Structures are given as structure tokens and as C-alpha cells.
Amino acid sequence: MSAMVGVVGVYRRLSQVSGKRRPQVRAVDRDLPLTVEAVRPEAEGVVSLRLANGAPLPGWRPGAHVDLVLPSGRVRQYSLCGDPSEKDHYRIAVRKIGAASAEVHTLTPGTRVTVRGPRTAFPLVGQGPFLFVAGGIGITPILPMVRRCVELGVDWRLVYTGRSRASMPFVDELAAYERAWIRPDTEYGIPASGAELLDGMPDGAAVYCCGPVPMITGVRVDLALTTGAVHFERFAPPPIVAGEPFRLTLRRSGRVLDVPGDRSALDVVREVLPDTPYSCRQGFCGTCAVPTADGGSMRICVDRGPAVLEL
């Protein structure tokens, strides 16, 4: 327990230093009116959409996603799977599996939609080596990561699984990379196990995994004793478990906010200051870091405890 307390203390001190050096960030909770420029079939039951508005769009990093507001009012999250260097459009890919995705499949060029974000909840960090594991439509956040690794010349591997080649989007784009292993179930007889997906993983590799729940569960079980970093795609914030209530004081506005045990400081702060920026909601990106009156910094999406914030 004493060792854990020490680790937490070091983390808090590092967070305070990084918070002081971090430049001011802009909110990503913006509405972008976009038009569907093109709809393209990418695989059985999968289409990609090219979204643009004739002007440069906000930048994004591999692993980012957007909230797509459909004409019906439904809102769903989709990973950006294009090239971050192309500022004139976004690309998403959607598999038809429910009412919202079915609506996406009915969109035609010229349809107007709204996009919120981009947000990065699945950031690519570190210098490699990397092992990417993707299943089916889970390739969408991984594809830009592969491109970034190729650009940087870092060590990487990709294992891409699916029911069949015909059901797997972007197979043609990935076929050009020797480090990409495309593994359809129909060609191997059975779905890949967690151990098989991790076979040949470079020592110390950071693992990025996105796909069906059984695949992710298998990878997590086999990585239980791994010392390297493990990252899984998550659109929703992690649940708060056994959280304790606490109080925040907003120094500039003079407000005092009570944060209940089942909510984050970010959620409560945004009720009174809706423009408070955030992105990943998991403590990775630092977008929501707020200076504290004692000279420190608090990442209000995950940090808990009484504090006086410079808000």
C-alpha cells in the first residue's frame, strides 16, 4: 500500500508539472456542418463517407473519432479512418448493424450532417514497437496509426481478422504493407485466439486493440502478465467505481460545486461552464487539465478530490 501511495504521489507531481507547461487548448465540443461528398462501398455491409464543407477542417490525430449527428437526430461515434494530413475532408466507415448505421447507409452525396469533435480517446503514444490487433470494422482507428508508423519509420506489426476478406474493409489498402497479417476466418477454419493474435509480438511492444468484444477479451486475458502498455478502443468514459463525493471551488466565478460519488468533476463543471474543453475522458490527453490554486493541475475527467480550480 505504501508503494502505491508513492506511485500516486509521483503521478500527481508529474501531472502538475505537465499542466503548467501545457499550452491553452481549444474546446472540441463544436458543431461542424458538413456535407456528404461521396459514399463508397468498402466491404460487405460497410460503406465509407467522405465529409467536407469546402474549408479546412480541424486537425486530428490517429485514434480520433467524431460524433455524427444524423438527419433523424440520432448521434453515433465513428473513428476517423482517413489521412490526418488531408485537411479538406474527414473519412469514416460504418458497418450496417442497427438503426443508426442503417440510416448512414441511406445517405447520399449532398446530404447535410453535423459532426462534433474530433476527440481523441484512443491516442497513439510512444516510439514503438507497436502491435496492432483489429477485428472487422475495428480496423478504422488502427488504419491511420499504421500510416503514422510507416511515416515515422518505427517498428510495428498488424494482425487484422474478420469473417472473410469480402467482409473486411480496407484490405486492399493494407495489402501493400508486408507487416500487415490479414487473417480471415474462412481461410484458417476458425476465429483467431488471443494467443494467436499476439504470436510474434515484439518485446516491449505497446498493443493497440479494437474489434469485437470476444476478441478484445481474449487479447486482454493473454496480456494479463505483460509489462508493456495495452490500449483498447473505448468511446464511452470508464465507469466510476466506489467513488467518494467531494467539493470543488471555482475561484474566478466563486461557485462551489458538489461532485457526487457516481459522477466526474468534468460532468459537474460542464453543467455551469459548458465550454470547458475535454477530449478523451480517460486522463490521457490532458485537454481537460485545469490549474489549481496551489499551483498544480487537475485532470477533471478522472481526478477526484477537493480542490480550488482556476475557473
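The values are calculated or read from the model by the stated rules, or taken from the named source; none is laboratory data. Computed from a prediction, not measured in an experiment: that's the story for all the values here. All Cβ positions, even for glycine, are placed from backbone atoms using ideal geometry, and neighbour counts span all protein chains on display. The protein model used for the area step is the full one, side chains on, heavy atoms only, and it has no ligands, DNA or RNA in it. Shrake-Rupley method; radii C 1.70, N 1.55, O 1.52, S 1.80 Å.
Being open to solvent by 10 Å² or more (accessible area, probe 1.4 Å) and under 24 Å from Ala195 (Cβ atoms): is that true of Gly136 here? So Gly136 passes the test. Listed by position, the strands (runs of 3 or more DSSP E) contained in the range 49-156 that have at least 1 residues being touching a helix residue (DSSP H, G or I) at 6+ places or on another chain (Cβ under 8 Å) and touching a residue at least 24 places away in the same chain (Cβ under 8 Å) are 64-69, 75-79, 90-95, 130-135.
Any idea which residue in the range 250-292 is modelled with the highest pLDDT, counting only those that are of a type in the set (Asp, Glu) and not in a helix (DSSP H, G or I)? Ranking the qualifying residues of the range 250-292, first place goes to Asp258. Would you check if Ala195 is more than 30 Å from Pro306 (Cβ to Cβ) and at pLDDT below 75? No, not satisfied.
Yes/no matrix, rows are residues, columns are (1) surrounded by 16 or more Cβ atoms within 10 Å (Cβ to Cβ); (2) touching a residue at least 40 places away in the same chain (Cβ under 8 Å):
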{"residue": "Ala242", "(1), (2)": "no, no"}
{"residue": "Leu248", "(1), (2)": "yes, yes"}
{"residue": "Val259", "(1), (2)": "yes, yes"}
{"residue": "Arg270", "(1), (2)": "yes, no"}
{"residue": "Thr276", "(1), (2)": "yes, yes"}
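Before we move on, is Val39 more than 21 Å from the chain's Cα centre (by Cα), within 20 Å of Ala100 (Cβ to Cβ) and modelled with pLDDT of 95 or more? Yes, satisfied. In the range 184-208, the residue that is surrounded by the most Cβ atoms within 10 Å (Cβ to Cβ) out of those that are free of Cβ contacts under 8 Å to residues at least 40 places away in the same chain and in contact with a helix residue (DSSP H, G or I) (Cβ under 8 Å, 6 or more places away or on another chain) is Ala192. Residues of the range 83-107 that are crowded, with 19+ Cβ neighbours inside 10 Å and in contact with a Ser or Thr (Cβ under 9 Å, 6 or more places away or on another chain): Arg91, Ile92, Ala93, Val94, Arg95.
When Val46 is tested against (1) open to solvent by 40 Å² or more (accessible area, probe 1.4 Å); (2) in contact with a strand residue (DSSP E or B) (Cβ under 6 Å, 6 or more places away or on another chain), exactly one condition is not met: (1). Taking Thr217, is it of a type outside the set (Lys, Arg), at pLDDT below 80, within 29 Å of Pro62 (Cα to Cα) and in a helix (DSSP H, G or I)? Judged against the criteria, Thr217 is a match.
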